[in-house]
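Chemist: Have a look at the structure that comes next, please.
Read the figures in this text as sums done on the coordinates, not as results from a lab. All figures in this text were calculated on a predicted structure; none of them were measured in a lab. Every residue, glycine among them, receives a Cβ derived from its backbone with ideal geometry; neighbour counts consider all protein chains shown.
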Amino acid sequence: MQKLVLKLILVALAAIGCAGFAAVSAGAAEETGTTCSSDSGVATLSPGIEEVAKVQNITIKGALSGCTGSTGASATYVAHLKTTAGVTCASLDAGGATSEGTVILKWGHGHGNSQGTLVVTGSPSSGFTLSGTVTSGPFEGLSMSSTLSGTSVFKGKGEPCTKKNKLKRIDVTGTTPFTIA
């Protein structure tokens, strides 16, 4: 009788352990990604693009909304990028530029932050392609992608893309959903 009770207890413990494992696996399976229907932001370039080719440091601050998935409906983000080569207005218009760096996505309502690497290619006239990987936080290991349109903003004096009127700001808007999958 004692052996039977012991066997029943062991079987019950094994079943509880398997159920707990299944619950953890189901929770992990829910992290399949997210899609955000709206993406808008402002890219700030330093030292600014003009006639002389210079490597640009770029900070993009923006917001995502209309998101599906486990992290809520919205996020804000900050990306820090650097062009891989010097850029002039002429080279940006002709073939675009490539910049690489990092991004932090701050998900709303206490869902945490995703950090990742990012590559952005293109130009304001032809659009930008964004790709990257989430390296930590929600959606770790998944890929990010989107396309954006850009509007160059000149606030200096004189002819655009000159030393007195450098391109220091590009307003960006998503043309396809921002996706993490």
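Chemist: Quick one: Cα centre-to-centre distance for the range 109-181 and the range 47-88, in angstrom?
Modeler: After rounding, the separation between the Cα centres reads 4 Å.
Chemist: How would you rank 49, 104, going from fewest to most other Cβ atoms within 10 Å of each one's own Cβ?
Modeler: 104, 49
Chemist: A follow-up question, please. If R₀ is 30 angstrom, what is the calculated FRET efficiency for the pair residue 155 and residue 84, using the beta carbon separation as r and rounding to 0.05?
Modeler: 0.70
Chemist: Where in the range 37-63 does the amide nitrogen come within less than 19 Å of the point 7 Å from the Cα of residue 135, taken along Cα to Cβ?
Modeler: Taking a point 7 Å out along Cα→Cβ of residue 135, the residues of the range 37-63 whose backbone N falls under 19 Å are 57-61.
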